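The values are calculated or read from the model by the stated rules, or taken from the named source; none is laboratory data. Only a predicted model underlies this, so the values are computations on that prediction, with no experimental measurement involved. Counting neighbours? That spans all protein chains shown, and the Cβs are built from the backbone with ideal geometry, glycine included. These area figures cover heavy atoms from the full protein model, side chains too; ligands, DNA and RNA do not enter into them. Shrake-Rupley method; radii C 1.70, N 1.55, O 1.52, S 1.80 Å.
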Amino acid sequence: MINLNGLNPEQREAAETVKGPLLILAGAGSGKTRTVTYRIAHMLENLKIPGKEILALSFTNKAATEMKERIAHLVPAKVRKGVTTSTFHSLGIRILREDIHHLGYNNLFTIYDQADQMSIVREALKSYRSSKTYDRSIVMSKIGLLKNKGIGPNEFPKSAEYDPENNYDGATEYTYHYYQDKLQFYNALDFDDILFLVVKLFNQFPEVAKKYSERFQYIMIDEYQDTNQLQFSIIQALTSTHQNICVVGDDDQAIYSFRGADISNILNFEKQYENVKVIKLEENYRSTFPILDLANNIIKENVNRKEKTMRTSLMEGNMPQMWATGDSDHEAAIVVEEIIKLQSHGISLADIAILYRSNTQVPPFEDQLRISQVPYNIIGGQKFYEKKEIKDIIAYLTLIQNPRDELALRRILNVPHRGIGSVTLNKNLATAQENKRHLFHVLADETENDNIVNFVTLIKNYQRIFNEKPLVQAINQLIEEINYNDFIEKSYDSAKLSTRKKEDVKNFILTADRFQDRFQEDANLKNFVERLLLSDSSDRHTSSDGEKKNEVTLMTLHASKGLEYDNVFLIGMEEELLPHKKTIQDGTDVSEERRLCYVGVTRARKKLIMTYAKKRKIYNKMTARFKSRFVIELEKHYKEVDRTNFGDMSEDEVKDFKKNFFGNLMDSLK
């Protein structure tokens, strides 16, 4: 028998409610995974329900695997045999493998990746009769959006998504037909087809839907607030012969509308099923009372939500803090300074997270962490210094500083393209190896290949230029001389992507500018390259026992849902960051932005520090900033700390402050 005595009263009631529709409103840190796991174990062991009748759906493979492992710890293998713990897409593939023949496909279909998809879209746009050119990624993105809304190529022109005045919609309509015809001809699906075709299959062949509904008599859906319309349709079909459905979620953590998630699915659950039982899990086992008190007061301002108030027995704890900072550089500096202080007190870096609304907030923090040699990891995004364009520029700077660095040389020998191919490279590599010479010195002896001569001349010229000119000026000149931004434009079909890549290059130059501003006379190429490369080994270390790396975690608020840390820095708690500028400008409801704020606050277990800047540089102009509306009038729920009086300083005074603030940092790191 499975003993449910370890569950609190609400958790136990949820675990024991098996028949009929059940809505479990599981607040942040309320032990929902434990509840659902014990519910399944209770069904298997205590109620003797066959495993093959139980279906548990989640959104990530990680969540599905965790649920499976927890069940395995509670229930013997022979008892849990047949239980399906799966993501929606894994279940979709399973259904299509069995029944896609009804839609005219062969069951041995393949799933195309993005490159395969783009090649078909390219074909379609080439055959589309139009004098205009179209961005393939925009067209592909629109097709994906339509599929996730359940709109096929024939329905698109009649839908609200179609604008006859929009040239892109005309091109998309043609491409959508062409694209789907080609996929079916190749007996292939894309990722968005998986759920789209399952819904189509269930709608056109109700007997197929009935078969799966009778097969899965007990259905559980985790993170129900994140379901979209296709997933809702699949759930409706799977419960067509019974009402044994349990959904678990928290409308206060519904933050994925941009992916198509529809919060109305959880808000209207009681209208969609009869005699719904609602159980609220309001006991938080994660955060201390001061943190939870702030979170409750933030989220209660949302009107369209299921009423609940999270509580905790962890009454003692640090009052959340709100730091007023000078600007983005100062904000990053004092946060990293605090992290170093925490580390000196024995706190593991693995217990520290920096959360932010937008990836544009990251560069100053990444700079400061690297300069301070604090290991870090960025979740849900590529590290700035690991992006191709940034690595290219660093390779140039490395080679100029040290011509013996063969890896840097080989990386940029033909970047941008200068007609030096692999045959030429391999010939010179062989010469260098035979004569035990460095590759650059072998290339420097070349007199007949003009491309190599020009490359060697470029590197030698910049060895002189970096000695004569300020760091930032020399970097700018190098990027212009090699026409690197033109190279970016030619490398990407998407104008949006190439613009973003060029922005990365601009951010790199700003990094050099910050370095030059901080270290003054010591801001030379040697020191800059050294600081860029210094922490690489510590950034990538892994522990031999497979435990979490001892590094600070950086991530967006969206990526943080489901995670928790002892110490959380929630940066940029200001208007136009949280809530985001786009939401404000569009005049749309800020409820989801407030939910995002709530998610960020409830990631903290013991210590929460929020920050906002009095000024930020926007379009090269220092602009006044203001604290987020989400925390105004909640001052009694956190401690306000003015870490600087930048707000009263001129730009020259700010510069002097920075010089003094960072004056001894270079020496301390040597």
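Descriptive notes on the structure:
- With the simple model of a label 7 Å out from the Cα in the direction of the Cβ, K78 to I111 spans 3.5 nm.
- Contact order relative to length of the chain, as percent, for alpha carbon pairs under 8 angstrom and 6 or more apart: 17
- Per-pair calculated FRET efficiency, R0 = 30 Å: N8 and K636 via Cβ, rounded to 0.05: 0.50
- On a per residue basis, the chain carries 47 Å² of accessible surface, using protein heavy atoms and a 1.4 Å probe.
- Cβ-derived FRET efficiency at R0 41 Å, F191 paired with T309, nearest 0.05: 0.55
- Computed over region 450-532, relative contact order equals 31 percent, with contacts defined as Cα pairs under 8 Å that lie 6+ residues apart.
- The mean sequence distance of close C-alpha pairs (under 8 Å, at least 6 residues apart), as a share of the length of region 348-430, puts its relative contact order at 14 percent.
- Alpha carbon centroid spacing (whole Å) that separates region 435-471 from region 14-60: 67
- Contour excess over end-to-end distance, with Cα ends at N426 and S127 and 0.36 nm allotted per residue: 103.6 nm
- Judged by the ratio a/c of the largest to the smallest principal axis of the C-alpha gyration tensor, region 165-271 counts as oblate, that ratio being 1.5 or greater while a/b is no larger than b/c.
- Helical runs (DSSP H, four residues minimum) scored at -39500 (n - 2.57) apiece and divided by the length of the chain put the mean residue ellipticity at 222 nm at -14500 deg cm²/dmol.
- Approximating the spin labels as points 7 Å out from Cα along Cα→Cβ, the H417-to-T623 distance works out to 3.9 nm.
- Cα-based helix-to-principal-axis angle, 450-468 vs the chain, degrees rounded to 10: 80
- Here the chain exposes an accessible surface that is 47 percent carbon and sulfur, computed with a 1.4 Å probe and the other protein chains kept in place.
- The candidates D169, D517, D522, arranged from most to least accessible area with a 1.4 Å probe in the full protein assembly, appear as D522, D517, D169.
- Spin-label zone in region 403-434 - amide nitrogen under 20 Å from a point set 7 Å from the Cα of E448 along the C-beta vector: 419-434
- Alpha carbon centroid spacing (whole Å) that separates region 249-275 from region 154-207: 25
- Rounded to the nearest 10 degrees, the inclination of helix 591-601 to the longest alpha-carbon principal axis of the chain is 70 degrees.
- With Cα atoms, 0 to 90° folded angle of helix 191-204 axis to the chain main axis: 20
- Here's the picture: charge each Lys and Arg Cβ at +1 and each Asp and Glu Cβ at -1 in the chain, and of S287, I420, I632 the one pushed furthest to the positive end of that dipole is S287.
- Computed label-point distance, nm, for sites E337 and K210 using a 7 Å Cα→Cβ extension: 7.2
- Over the C-alpha trace of region 438-505, radius of gyration and Dmax come out as 15.1, 42 angstrom.
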